[in-house]
Amino acid sequence: MKHPLVFQSDFGNVDGAVSAMFGVAYGVDPTLLISNLTHEITPYDIWEASYRLIQTVNYWPAGTVFVSVVDPGVGSTRRSIAVRTADGHYIITPDNGTLTHIKRMTGITEARIIDESVNRLQGSGESYTFHGRDIYAYTGARLASGVIDFAGVGPEVPPESVIELPVVEASIQDDTVSGTIDVLDVRFGSLWTNIPRTLFARLGVNHGGRVEISIENETRTLYKNILVYAKSFADVYVGEPLVYVNSLDCMAVAINQGSFARAYNIGTGTNWKIHIRKAPRVIYE
């Protein structure tokens, strides 16, 4: 049985790299259904690649094969790996932390090292810098088309051996929830945090209520203000900031029809902290 094949990378679309991956896959089976997740991952940003997978994978049918190539260690001793998720999807990628969010939030039930003696494009053995084309796209196409089953990828390894990037868990203390700014909703400049809606709900703030947020990095506080907790962008004026629940059921911060990240020079990663608490009552005498 054939399954969809989905590509992700940091290659961009200004040259032939992505097209070459498509060509290799169609060379395995010209009837494959191939789609792109994105090829606009920030170059070398493994964390972002991991986040885009968790944002997307579970909305595809079980059996879909994902190939994710953000590989600053290409040609090194890092493993080339394929995993089966708890929901029945397959992901082929360098074992460099790209599977962090999938492993933690969905679960990995089986992992295999790619056997390059079988699953490598013929005639590419002397190429050490384009594994996305020569190994990952080729293996992904073979798996998606049914040329090989999952056991045919290569030898099995323990799922717990799959590499994870460092993660800072969201937490609550007294009247404040704290977390990190994991990633941007890139096109619109919204900040996506790792604070689950369920944790935020413990503050007892309803839609239309107000929260105080502060955002800091390792050196200073860059933003502190009181914002509306909105159900949607339509609940606030154009240009007004808001807190809302994003598509991953986590808290996010945005400006209606503006870029919060650009307006306040906010970055992403575990060193970017955000704190949210119920806004204090202001009593005027």
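Looking only at Asn265, Asn96, Asn217, which one moves most when the chain is put into a Gaussian network model with springs between Cα atoms under 10 Å?
Highest fluctuation of the listed residues: Asn265.
When the helix-only estimate is applied to the chain (DSSP H runs of n ≥ 4, each -39,500 (n - 2.57), divided by the residue count), what is the mean residue ellipticity at 222 nm, nearest 500 deg cm²/dmol? Spell out each step's value before the answer.
Details: 5 runs with 40 residues, N = 285.
Calculated mean residue ellipticity at 222 nm is -4000 deg cm²/dmol.
Which lysines, if any, have their Cα less than 18 Å from the Cα of Lys231, not counting same-chain residues under 8 positions apart?
Lys278
With a 1.4 Å probe and all protein chains left in place, how much of the accessible area of segment 129-241 comes from carbon and sulfur atoms, in whole percent?
Details: 2810 of 5720 Å².
Of all accessible area on segment 129-241, carbon and sulfur atoms account for 49 percent.
Return a whole-number percent for the relative contact order of segment 1-61, with Cα pairs under 8 Å and 6 or more residues apart as the contact set. If you can, show how the numbers build up before the last one.
Working: 57 pairs, mean separation 26.1, N = 61.
Computed value for segment 1-61: 43 percent relative contact order.
Want the number for Asp249 to Arg187: 0.36 nm per residue separation, take away the alpha-carbon distance, what's left? Walk me through the intermediate numbers first.
Details: separation 62, 0.36 × 62 = 22.32 nm, distance 1.92 nm.
Additional length available on full extension: 20.4 nm.
Just check segment 1-138 against the gyration tensor rule for me: Cα atoms, a ≥ b ≥ c as the square roots of the eigenvalues, rounded for a/c under 1.5, and otherwise prolate or oblate depending on whether a/b exceeds b/c. Mind showing how you got there, number by number?
Numbers: a/c = 1.30, a/b = 1.19, b/c = 1.10.
Since a/c stays below 1.5, the shape of segment 1-138 is classed as rounded.
Please get the size of the charge dipole for segment 188-230, origin at its Cα centre, with Cβ charges of +1 on Lys and Arg and -1 on Asp and Glu, quoted in debye to the nearest 20.
140
Using Cα-Cα distances under 8 Å and only pairs 6 or more residues apart, what relative contact order does the chain have, in percent? Spell out each step's value before the answer.
Numbers: 598 pairs, mean separation 44.3, N = 285.
Relative contact order for the chain comes out at 16 percent.
Given the C-alpha centroids of segment 1-21 and segment 205-272, what is the distance between them in whole angstrom?
A separation of 33 Å, based on Cα centres.
Quick one: putting +1 on the C-beta of Lys and Arg, -1 on the C-beta of Asp and Glu, what dipole do you get for segment 1-61 around its Cα centre, in Debye to the nearest 20?
Numbers: 2 positive and 6 negative charges, 55 e Å.
Dipole magnitude for segment 1-61 comes out near 260 debye.
Val147 to Arg197: FRET efficiency via 1/(1 + (r/R0)^6), r the Cβ-Cβ distance, R0 35 Å, to the nearest 0.05? Numbers along the way, then the final one.
Details: r = 42 Å, r/R0 = 1.21.
After rounding to 0.05, the efficiency reads 0.25.
Testing the spin-label approximation: label points 7 Å from Cα along Cα→Cβ at Phe233 and Asp175. State their distance in nm.
So the two model labels end up 3.2 nm from each other.
Percent relative contact order of segment 152-285, based on C-alpha pairs within less than 8 angstrom and at least six residues apart? Working shown, then result.
Numbers: 263 pairs, mean separation 40.1, N = 134.
RCO, segment 152-285: 30 percent.
Quote the FRET efficiency, to the nearest 0.05, computed for Glu218 versus Asp29 with a Förster distance R0 of 45 Å and r equal to the Cβ-Cβ distance.
Details: r = 49 Å, r/R0 = 1.08.
Between Glu218 and Asp29 the formula returns 0.40.
Quick one: Cα convex hull volume of the chain, Å³ per residue?
That works out to 151 Å³ per residue.
What are the semi-axes of the equivalent ellipsoid of segment 195-285, taken as the square roots of 5 times the eigenvalues of the Cα gyration tensor, listed largest first and rounded to whole Å? Let's see the in-between values first.
Values: eigenvalues 75, 52, 47 Å².
Rounded to whole Å, the semi-axes are 19, 16, 15.
For a label point 7 Å from the Cα of Asn13 along Cα→C-beta, name the residues of segment 31-54 whose backbone N is under 17 Å from it.
Zone members listed by number: 34-43.
Mind jotting down a quarter of the surface of the convex hull over the alpha carbons of segment 1-46, in square nanometres, one decimal?
Working: hull surface 14.4 nm².
Mean orientational projected area (segment 1-46, Cα hull): 3.6 nm².
At 1.4 Å probe radius, can you tell me the per residue accessible area of the chain in Å²?
Details: 13540 Å² over 285 residues.
Value for the chain: 48 Å² per residue.
At most 10 other Cβ atoms within 10 Å plus a DSSP loop assignment makes a site exposed; report the longest stretch of the chain without any exposed trypsin sites (Lys or Arg not before Pro).
Values: sites that count: Arg187, Arg220, Arg281.
That gives 1-186 as the longest site-free run.
Return the carbon/sulfur percentage of the accessible area of segment 1-108, one whole number, probe 1.4 Å, all protein chains in place. Spell out each step's value before the answer.
Values: 2330 of 4200 Å².
Accessible surface attributable to carbon and sulfur in segment 1-108 totals 55 percent.
Take the Cβ-Cβ distance between Asp115 and Thr77 as r, set R0 to 22 Å, and report the resulting FRET efficiency rounded to the nearest 0.05.
Numbers: r = 16 Å, r/R0 = 0.74.
Calculated transfer efficiency: 0.85.
Run through segment 210-285 and list the chymotrypsin sites (Phe, Trp or Tyr not before Pro) located in a DSSP loop whose Cβ has at most 15 other Cβ atoms within 10 Å.
Details: sites: Tyr223, Tyr229, Phe233, Tyr237, Tyr244, Phe260, Tyr264, Trp272, Tyr284; in loops: Tyr237, Tyr284.
The qualifying sites are Tyr237, Tyr284.
For segment 225-278, taking Cα atoms only, what is the radius of gyration to one decimal and the Dmax to the nearest whole Å?
Calculated on Cα positions, Rg and Dmax stand at 11.3, 31 Å.
Quick check for you: which residues of segment 219-252 have the amide N under 13 Å from the point 7 Å beyond the Cα of Asn265 toward its beta carbon?
Output list for this probe position: 219-223.
The values are calculated or read from the model by the stated rules, or taken from the named source; none is laboratory data. Here the structure is a predicted model, which means the values were calculated and not measured. Counting neighbours? That spans all protein chains shown, and the Cβs are built from the backbone with ideal geometry, glycine included. Side chains included, ligands, DNA and RNA excluded: accessible areas come from the protein's heavy atoms. Shrake-Rupley method; radii C 1.70, N 1.55, O 1.52, S 1.80 Å.
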